[in-house]
Structure formats: C-alpha cells, structure tokens
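So the structure is just underneath, and the comments pick up after that.
The values are calculated or read from the model by the stated rules, or taken from the named source; none is laboratory data. Keep in mind the model is a prediction, meaning the values are calculated, not measured. Glycine also receives a Cβ, built like all others from the backbone with ideal geometry; neighbour counts cover every protein chain displayed. Note: accessible area is taken over every heavy atom of the protein model, side chains too, but ligands, DNA and RNA are not part of it. Shrake-Rupley method; radii C 1.70, N 1.55, O 1.52, S 1.80 Å.
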Amino acid sequence: MKTLKINCNFFCSLMLLLFISSCEKDDNSMSSTEEYLSTQIPNDITELFITTGSANADTVWIFEQGGPANELDTNSLDYLPNHNDYLNVYVHQVLTYNNALYNKNLTVEQAELESDVNSEILDRVIRYYKDQGKTVIVIGHSYGASVVTKYLTDKGSDLADKYVIMGSRLDAPQDFYKGLINSQYYYFPDFVTSTLHPTIQPKDHQENIELLLAGVVLKPRYTEELDDVDLTKLIYVFANDDDAVGRLSSSEKAFLASKNVRIVEIESGGHGAMFDAPNNQIIYDLMIQ
C-alpha cells in the first residue's frame, strides 16, 4: 500500500455543511401531508445523468457530487487535468432527481430507503456504460463520497474499474452523525473533535431534509461494513486539516492500509484540497494508471 503525503499551500474554505450526521430520533412517527413514496427509478437510464466532455471517449468518469442538493452541478470534474478527453457523467442523487422529497417529513427509515435508491441509481448508470464496453471510474466528493462508500457496501466493487473517494469518513464520530435528525450542524475546529457549530445552523425544512440524508449515509461503521469487500480498486483522498468532516483516525487509516487501498494524504488545504494543484494532478495520475 502506497501512501502519498502532500504539502498544499492553498487553503480551501469549502462549506462545512452537508456532512453532518444522523441520530435516531425517539419520535420516528413524522408523517408528511402526502403519502411517502420512495424515489422511482425510470426505465430510461439516460434520465439519471447529464454528460459533458468527449462523447466518444473510451473512459467514463461518473461523478457523485457533494451536497445533498436540489440540482446537479455539472462542472465539478473540470478541476481534473484533461477532463475534456473523457466522458464526464454527473449522476443524479435522489434529491436532484426527485425534488418532491423536500415536501416530505421523512423518517429516518424513509431516508435510509432513499439512500438505498442512491446506490441503485449509481449501479444502473455504471452498468449502462460497462455494457457499452467503457472503462468506468467512479468519483465522489464529500456527501457524494459517502454515497460511493455506501454503494461499495451495497453492491461491491466488481462493476467499475476504479473508485475515487474524496473528503469523507469511514467511521464518522457518533455525535457528528447524530446531529442530523436534530437538525444541527457540527464541524471539527481542531480537525479531530466534532463540535456544534456556533453560528451555522439549518434555516429551513429544505436544509433539514438535506441534513437527514447526509446523516443516514454517514451513520454506518464502514470499516466493519466493508471488511469483506475487495477495495484494491479504490483511491482514498483526505486532508489532515479538514474541518468539515475531520481527519481520518488512525484506525480508519489502518483499515485502508490493510485493504491495499491507494491513499492520498494531503497535509493542508481543507475539505476541498483535492481540487487544487498539485493534488488534482496526483489523483489524475493514479486514475489513469
């Protein structure tokens, strides 16, 4: 297992949000004004993504964005070198595809069902391109990185050719993920200790729904869930000064090493350090090896 340590002079102050966690509320009897129906996946797989870049490329980059959010961001892969030489696929998540979820008072169990739908959407999009004989690399950042992590527990790693997980956690601290259903933002001012944010808190129901979905995907102990999964195709990227999700613990790093994961450990740059040079070049070089 090869660990790359990088010194980065660029500090990215990307948002602290969207990685804040979920707790099991005593009252899970919340009900919406309409009957809850899980997000339905269309038969036409092309409705599940938007593409940029080279339509005829042999290699496809499938991106899971940060968030959760209500619409797709279709320029996140622009930070990678030579991105226009590849087909860039921005895959929908449940909230970007089904905005009606914002009108619900989702229970924890319903949010977990939606998280399962995220895995199924990603699986179908990967299969769509593998069936065309494409090389497929799945990339996730922040919340999207957790979506990819959960996908690996749900579906395994066999289908795609490589996976890149950036700015996430394997075993999020308990108070961090429990903050979510209580609609509370936590962050890591010392990069280690999860702390209730003194000024940033959700301002409306939409943000509460986003926090809930972020929380349920952070809740699993992935060092246990992924124990039987082959992770040799995985590139795992994290910054030691990430105040949004905290730095990886020694046990998380040891788990990755035991699974022969290629690790990119960035010394400084924050939650979005992987978007800056020279880190983006190092990640790209690992992707094309």
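Observations on the structure shown:
- Förster radius 41 Å - calculated FRET efficiency between SER268 and ASN82, Cβ distance, rounded to 0.05: 0.95
- Backbone HN-Hα couplings from phi across the stretch 50-60 [Karplus 6.51/-1.76/1.60, Hz, Gly and Pro as x]: 10, 10, 9, x, 8, 5, 9, 5, 7, 10, 10
- 3J(HN,Hα) from dihedral phi, the stretch 93-106, Karplus parametrisation 6.51/-1.76/1.60, rounded to Hz, x for glycine, proline: 10, 4, 6, 6, 8, 10, 4, 4, 4, 5, 8, 9, 9, 5
- Modelled spin-label separation between THR153 and ASN99, with each label point placed 7 Å from Cα along the Cα-to-Cβ direction: 3.1 nm.
- Projected label distance in nm at LEU113 and ASP228, using a 7 Å step from Cα toward the beta-carbon: 2.6 nm
- Extension gain from GLU47 to TYR284, taking 0.36 nm per residue of separation minus the Cα-Cα distance: 82.5 nm
- Ranking ALA214, VAL91, SER76 by Cα position along the charge dipole of the chain, where only Lys, Arg, Asp and Glu carry charges on their C-beta atoms, puts SER76 farthest toward the positive end.
- Radius 10 Å from Cβ of LEU87, net charge of other residues (Lys, Arg +1; Asp, Glu -1): -1
- Rh by Kirkwood over Cα pairs, then Stokes-Einstein D for the stretch 84-145 at 0.692 mPa s and 37 °C, µm²/s: 246 µm²/s
- Sites ASN75 and THR199, calculated FRET efficiency, Cβ-Cβ separation with R0 25 Å, nearest 0.05: 0.30
- Helices of the chain meeting both criteria, an alpha-carbon length of 27 angstrom or more along the long axis and an average Kyte-Doolittle score not below -0.5, with helices taken as full DSSP H segments, do not occur.
- Built amide H within the under 5 Å cut-off of GLU64, gap 5+: ILE139, GLY140, HIS141
- Order by protection proxy (mean Cβ within 10 Å, highest first), peptides 168-174, 256-262, 108-114: 168-174, 108-114, 256-262
- Expressed as a whole percent, the accessible area of the chain that falls on carbon and sulfur atoms is 45 (1.4 Å probe).
- Peptides 59-67, 118-126 ranked from most to least packed by the mean count of surrounding Cβ atoms within 10 Å: 59-67, 118-126.
- Å² of accessible area per residue within the chain, as computed with a 1.4 Å probe and no ligands counted: 41 Å²
- Extension gain for the segment ASP175 to ASP161, taken as residue separation times 0.36 nm less the Cα-Cα distance, is 1.6 nm to one decimal.
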